[in-house]
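These notes are about the structure you will find just below.
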Amino acid sequence: MGSLALMHEGLGSSWEEARAVMFTVLVTAHLLYAFVARLPTRGLRSNPWLLAAVGAGLLLQAVVVLWPPAHELFGTTELPPAGWAVVLVAGTLPVVAMAAMERPFRR
C-alpha cells in the first residue's frame, strides 16, 4: 500500500502506473521471500530449482508490465523509471528485514 501511495500521491503517477508498481512490488517481495523461507546455507547455487523458480517468476512479472498485449489482460501499464526504483527498494526491503531478524535465531 505504501508503494501505491508513494507513486500516486508522492510522485504524481497515474492510478494505472501506481497500481502496476504496487502489483510488481507485491510479486517481487513474495518471490524473494522464498529465499528467506529457504535460506541457503551452502550458497545461492545450492538450490537451483528455487533459483530457477524465482527467476522465472520475476521474468513473467516483467513480461506482464513490459509487454503491451499483457497490459490489457492484466490491467497493467509500463512502469516509469521511478516505478522501477520503488519496486527495487520496496520489493526487497521486507525480505532484507525478515532475513536480518531471522539470522540471530539460526544456529
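When only Cα pairs below 8 angstrom with a gap of at least 6 residues are kept, region 2-105 shows a relative contact order of 37 percent.
Between the labelled values (i) -0.26, -0.44, -1.38; (ii) -0.23, -0.39, -1.52; (iii) -0.33, -0.53, -1.24, the entry that holds log10 I(q)/I(0) by the Debye sum over Cα atoms at q = 0.10, 0.13, 0.24 Å⁻¹ as derived from this structure is (iii). Treating r as the C-beta distance of residue 49 and residue 73 and R0 as 35 Å, the FRET efficiency rounds to 0.80.
Throughout, read-outs are computed from the coordinates displayed, never taken from laboratory work. Computed from a prediction, not measured in an experiment: that's the story for all the values here. When we count neighbours, we look across all protein chains shown, and the Cβ atoms used for this are built from the backbone with ideal geometry, even at glycine.
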